[in-house]
Each structure stands twice: as structure tokens, then as C-alpha cells.
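S.K.: Here it is, the structure in full.
What follows is calculated from the coordinates using simple rules that are stated; it is not laboratory data. A quick note: this is a predicted structure, and the numbers were derived from the prediction, not measured. So basically every Cβ, Gly included, is an ideal-geometry build from the backbone, and we count neighbours across all protein chains shown.
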Amino acid sequence: MVDLTVSDISQRLADQAQAVVTTLLPGAKLHGNVMVCGNIAGDPGESLKIHVHGTYAGNWKDWSNDADHGDLLDLWRLSKGVTAAESIRQAKQFLGIVEPARYNEARSYAKPPPINSAELDAGGVAMAYLRDKRGLHRDTLAAFKVEGCKEKGAIVFPSYAPDGQLVNRSYRTLGEKKKVWQDKDCAPSMFGWQALSQDAYKAKTVLLAEGQIDAMTWHQWGISALSIPNGTGCAWIEYEWDNLAPFDCFLLAFDQDEAGKKITKTVIDRLGNHRCKVVTIPKKDANECLMAGFTAQDAAEWVAQAAMPRVRRVVAAGELEGRMVAEIQPKDEPFTLPWMAKRWPHSGFWFRPGEVTLWGGFTGAGKSTMLNFLKAQILAEQTPIFEASLEMRVETTLRKMATMFNGPHLNEEIITRFVRGVGDYLIFADVVGSMKRAELMEMLWYAFRRYGCRHFIIDSLMRIEELEEDYPAQGDFCNKLQDLAKQTQVHLHLVCHLAKPSQQMERPSMYAIKGSSLLVNNADNVLLVCRNPEKEKLRKSEKLTNEQDATMHDTEIIVEKQRETGWTGMFKLKFDPIRYTYKAL
């Protein structure tokens, strides 16, 4: 899986260093392996030197200003005067790096309403609380722009975007009955961008804390820090994804309690095991440590000892007690279609987390239509989906789904309402044709980490380059899907083609799936979509009566394999060709 970090992007820029510098600073002159100009604005002179060839390609420094140095992403950001996130977006565009499409891309949030806030009174109760009880210095509070609001009787923690725009505020009252809240309907933004130093971007490292006071504590100890929003939800990951892209390393210093451990695991899964280190501290949180007398030197040691998350899959039996206890507990019903549910968990079919399902069927049997119907039911649960529908344009897929929800008579108003309604939950590979395996796997991980997708649909295997005739590669690809499913507990749907039937209108079998036997062997489930053979024979011979057409089923879903329970069977369905929907007969 190609999972690009900011260092990967920086290296790709370094591989084209001369072209990058020519784009950013057209007036720079080439002197051997170095391009020179006066400064990051591109003025005449020779104090700014950028290596464009050799071992140090991509490194630069302005010898008249010690603060100006770094890699080509730093040069892009400073010379263009843009945020780190915007510099990465522009660099990706320059390099031709394409990411999955989202419908619609931008969710709108409310702007924080005007309030009568002001600097904290040096002699007031808020300053006394933050300074005397919490140990925070005035310059720390000023760096984070902490204010007070008398009309709300609260301390105000403003959240600014990296470009300086105010996007949210958190409030905290003092006294015995503490209240904590945020401005209504504002973005789930992080706190602390306004205090983040340029050194954090150059080191590509930032610490993530669980509260504003903890983030300010780490900052006071000399460690660049951001705070996640109140609570343990993860909407902030998607919202801040581009702003977090400039960092290769996240130091996770969440509360040392069960809730903190839970969110640590979730964040590691979403941001990536390879980008995270876990910071362990002796008290519940950083500010408790500060109050207990721990110093900046102690904090630096905790950060230096931060550990990468444990290697997956290596575990001793003695560590499995908790998992074994959980294993024997009654399980919650996972998602399924209403007519697939029979008697949980023993009979019927269920789309369990952490599994891979193969979908097969003869050409024209309705596999894609059935998957569209499945997506509509998943969307009704407000669960994010990623789809690589390589055989159909994205807009065609969306039109058919809009018809399911709204009927066949679509217009611009209905389409606009539909797309905006599902826009937070549908992520697509905007590709028709073929894709490379590495590119698709990168998209799958990206969609999970950034958008939290729980169902992934790949339609179909034969559109993935070099897999159609390479049976070992098919097995390897299915193993990678299984690895993704098991690590993230998502459900993956993979469409496969079947060999041509030996006779017309026969029912398919999983053994007719084209390709390696490893596909069927490695999958958790195999579902086949089939037209009703008896009805199709009558239709072909023009002997189908109106009564038979009304009473006989149109489509069959055949469960050929279900590893968890072993239950197999068939679901008989009526198909509505106007709305593209199914119902049990």
C-alpha cells in the first residue's frame, strides 16, 4: 500500500527540484548543483541557495536569515505565502497525485457568532484560576488568545484555522457546577493552530492532547501541541485532514484513563500506525503533572520515550484474557438487509465488521443494481461508504441511487437535495476503466482514515490492472483486502465475474467465479446474484402470463459461503425496474 506522508511528497519534489524551483522562483539561476537568488520572494541576489542535484537535493537556506531554511515544501509555503495544507495541495497538483472524489466535498458549518469577549483581567478570577490553580503563564494564554466573556460568565478558548480565521469557540465556567460547551453548529476544529510554531512544521511533528489546558501545558513546556475538540468523537479528523497533512509524526498524549486509551486506538487507526507515537505520563493528564511539580525537562523525556504502537498480530496468550471474555459475550447484530435477517446469529446473512464478501453473477444478472440498493440501505444508517465503481461513471451511479430515493422523475432541485444529503457519506474513486492495485489500496486506506468509511465496494476485480490472468496476484490482492478488513473492522465488497454458463438460464455456483481459487478460499462470504431461471425460460419462450409475472420472483441472492456461521441459502426477490429497488416476495 502506497500511503504518502508529507516526507514522501517532499522527496518527490526533491526528485524534480530544478523544475520546482523554476516554478516557485523563476528568477533563480543555476550554479552547478545549486540554484540561487536573493530571498524567498525571488529577488536578485545569491544569499538563498537551493540544492537541486545530488545528495542534498531539495534542501535550501537563506544565508542572510537563519530562520529561512528547510525542504521544498517549506520553500513552497513561504514563497507562495500560503498555509502548510495549501502548499501540500498545490504540490500534489504539481506532482499529479490524485485523491478520491467526494460528493459533495465541502460541508458547510456555521460561523461563530459575535460575543463581547476581552483579554483576561490580570486581577480577575479567570486569570487567577488559570495562573494559580492551573499553573499557566500569561504569555501562554496570550499565545493561544484565551479570553473572557462576562455575559456568558466563562473563559473563552477560540479555535482558529491555520490561516487565522476563527472557526469555533469553547467555553468553560468556573465554580462548583462547571459547564463546558461550544458555539453551536460550528466546525469540529482543533484548538491551538494560532500558537503553533514554524519549528513544528519544519520538524513535521506535533503533539495531540485531549483538552485545551493540556495543550497549553505542553506548549509551556516547549512542545508544539494541539487539542482535539471536547468529547471523544472523531469528526475532527476529517475536518482537519488537510491541516494535519504537513506532519509525519503525531505524539498522542491523551488522558491516561480508559476513555483516553480508546480514543488513542481510534486515532492511530485513522491517522496511521506509521505516523503515531504514544506518550506515557505519570498522571492522568499533562496539567495534573504540571501541578504536581513536573518540569519541561520531564516532558521532554516523556516525548523522547514515546513509543510506536505495538506491532500488529504479535500477541502472547496471557494478554488475551479481555479479548476472550469479549468473544463469549452476546454480539450486537451487524448491518444486513431486512429480508436477509432470519435468526441472529445462526441463520440468515449478515455483513459483519472485518469481513470480505465476494459478489458474483452472470452478465446482466443485476450485480451493480443490487449493490446500489445495498448502498442506499447503508446510507439510511448514515454510514460512510467508499466505492470504486470502475465499470460505471460516478454520475450514473448517483442518478440510479437518486431514483431509488426519489422515484424516476428527477429534476435539478431533487438532484441537488439528494447529493447534498448523501455528500458526507459517499466517497468515490472517480475512475472508469482500470486502476493499479497500489493506487486502489492507497485510496481504500485514505477513505478509511480521512472519512471513516465502514463499507468498501470494488466493482470489479477484472478492472484492476494485471489481475485478470495473474492468479497468484489475485490471491495476494485478496489477502491485502482481508488485512485491511481485519485491521479496521470494515466490510469489503468485491465484485467478481463468472465463467459463461454451460447452458442458458442455469443457476450459478461459486465455483464458476473466474480466476484463482484463492479468491473463494480467502473470502469470508460469497453471494451470487441471479435472475429467476424458471421465469426467464418462460419469458424467452413468450409463455410468461401476467399472473406469473406478478407472482414469480425476479431475482435470487444465493448465499454460497458464510464462514462465521456456515449458513447458506437463497433469498427470492421482486425487482422494481422503475425505482431499481428490491423487496422480498
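S.K.: Note down the net charge around residue 112, summing +1 for each Lys or Arg and -1 for each Asp or Glu among other residues with Cβ under 14 Å from its Cβ.
M.R.: Numbers: positive: 111, 145, 152, 169, 184; negative: 147, 183, 185.
Its environment carries a net charge of +2.
S.K.: Hey, another quick one. Among 406-413, 275-282, how do they line up by average Cβ neighbours within 10 Å per residue, starting with the highest?
M.R.: Values: 406-413: 10.0, 275-282: 17.5.
Ranking the peptides 406-413, 275-282 by packing returns 275-282, 406-413.
S.K.: Could I ask something else about it? Using modelled amide H (1.01 Å from N, peptide plane; none on Pro or chain starts), what sits under 5 Å from the amide H of residue 169, excluding residues fewer than 5 places away?
M.R.: Those qualifying (amide H under 5 Å, at least 5 residues apart or on another chain) are 159, 183.
S.K.: Hey, another quick one. Classify the range 186-256 from the C-alpha gyration tensor, please: rounded if a/c falls under 1.5, else prolate or oblate depending on whether a/b exceeds b/c.
M.R.: Working: a/c = 1.64, a/b = 1.15, b/c = 1.42.
Judged from the Cα gyration tensor, the range 186-256 comes out oblate (a/c at least 1.5, b/c at or above a/b).
S.K.: Can you tell me the relative contact order of the range 1-106? Whole percent, Cα pairs under 8 Å, sequence separation 6 or more. Walk me through the numbers before you get to the answer.
M.R.: Details: 154 pairs, mean separation 22.2, N = 106.
With pairs under 8 Å counted, the relative contact order is 21 percent.
S.K.: Please list the radius of gyration and Dmax for the chain, considering alpha-carbon atoms only, with Å as the unit.
M.R.: When restricted to the Cα atoms of the chain, Rg and Dmax are 28.3, 93 Å.
S.K.: Okay, next question. Which of rounded, prolate, oblate describes the range 353-532, given a ≥ b ≥ c as roots of the alpha-carbon gyration tensor eigenvalues and a/c under 1.5 marking rounded, otherwise prolate only if a/b is larger than b/c?
M.R.: Since a/c reaches 1.5 but b/c is at least a/b, the shape of the range 353-532 is classed as oblate.
S.K.: How would 193, 359 line up from fewest to most surrounding beta-carbon atoms within 10 angstrom? Each step should come with its number before you reach the end.
M.R.: Working: 193 21, 359 25.
Final ranking by Cβ density, sparse to dense: 193, 359.
S.K.: What are the GluC sites (Glu not before Pro) within the range 442-542 that DSSP puts in a loop, where the Cβ has at most 16 other Cβ atoms within 10 Å? Each step should come with its number before you reach the end.
M.R.: Working: sites: 442, 465, 466, 468, 469, 506, 534, 536, 542; in loops: 465, 466, 468, 469, 506, 542.
Those satisfying the criteria are 465, 466, 468, 469, 506, 542.
S.K.: If you don't mind, another one. Quick one: plug the Kirkwood hydrodynamic radius of the range 435-484 (C-alpha pairs) into Stokes-Einstein at 4 °C, 1.567 mPa s, and report D in µm²/s. Each step should come with its number before you reach the end.
M.R.: Values: Rh = 11.4 Å.
Taking Rh from Cα pairs, D becomes 113 µm²/s.
S.K.: Compute the angle between helix 471-488 and the longest alpha-carbon principal axis of the chain, please, reported from 0 to 90 degrees and rounded to the nearest 10.
M.R.: The helix 471-488 is inclined about 60 degrees to the chain.
S.K.: Using only alpha carbon positions, build the gyration tensor of the range 118-304, then give the equivalent ellipsoid semi-axes as the square roots of 5 times its eigenvalues, largest first, whole angstrom. Each step should come with its number before you reach the end.
M.R.: Details: eigenvalues 120, 74, 51 Å².
Over the Cα atoms of the range 118-304, the semi-axes work out to 24, 19, 16 Å.
S.K.: Same structure again: Amide H neighbours of residue 187 under 5 Å, at least 5 residues apart or on other chains, H built in the peptide plane: list them.
M.R.: 110
S.K.: Relative contact order for the chain: what percent, with Cα pairs under 8 Å and sequence separation of 6 or more?
M.R.: Numbers: 1043 pairs, mean separation 65.6, N = 585.
Rounded, it is 11 percent for the chain.
S.K.: Right, here's the next one. Can you list the trypsin sites (Lys or Arg not before Pro) in the range 346-441 that are in a DSSP coil and have 15 or fewer other beta carbons within 10 angstrom?
M.R.: Details: sites: 367, 375, 393, 399, 400, 417, 420, 436, 437; in loops: 393, 436.
Of the trypsin sites (Lys or Arg not before Pro), the ones in loops of the range 346-441 whose Cβ has at most 15 other Cβ atoms within 10 Å are 393, 436.
S.K.: With θ set to phi - 60° and the Karplus curve 6.51 cos²θ - 1.76 cosθ + 1.60, what are the ³J(HN,Hα) couplings of the range 257-273 in order, to the nearest whole Hz, using x for Gly and Pro?
M.R.: Each residue's phi maps through the Karplus curve to give 10, 5, 5, x, 5, 5, 6, 4, 4, 4, 5, 4, 4, 7, 7, x, 3 Hz.
S.K.: Please give the net charge around residue 576, taking every other residue with its beta carbon less than 11 angstrom from that of residue 576, where Lys and Arg add +1 and Asp and Glu add -1. Kindly include the intermediate steps, with their values, before the conclusion.
M.R.: Working: positive: 574, 579, 583; negative: 554.
That sum, taken over residues with Cβ under 11 Å, equals +2.
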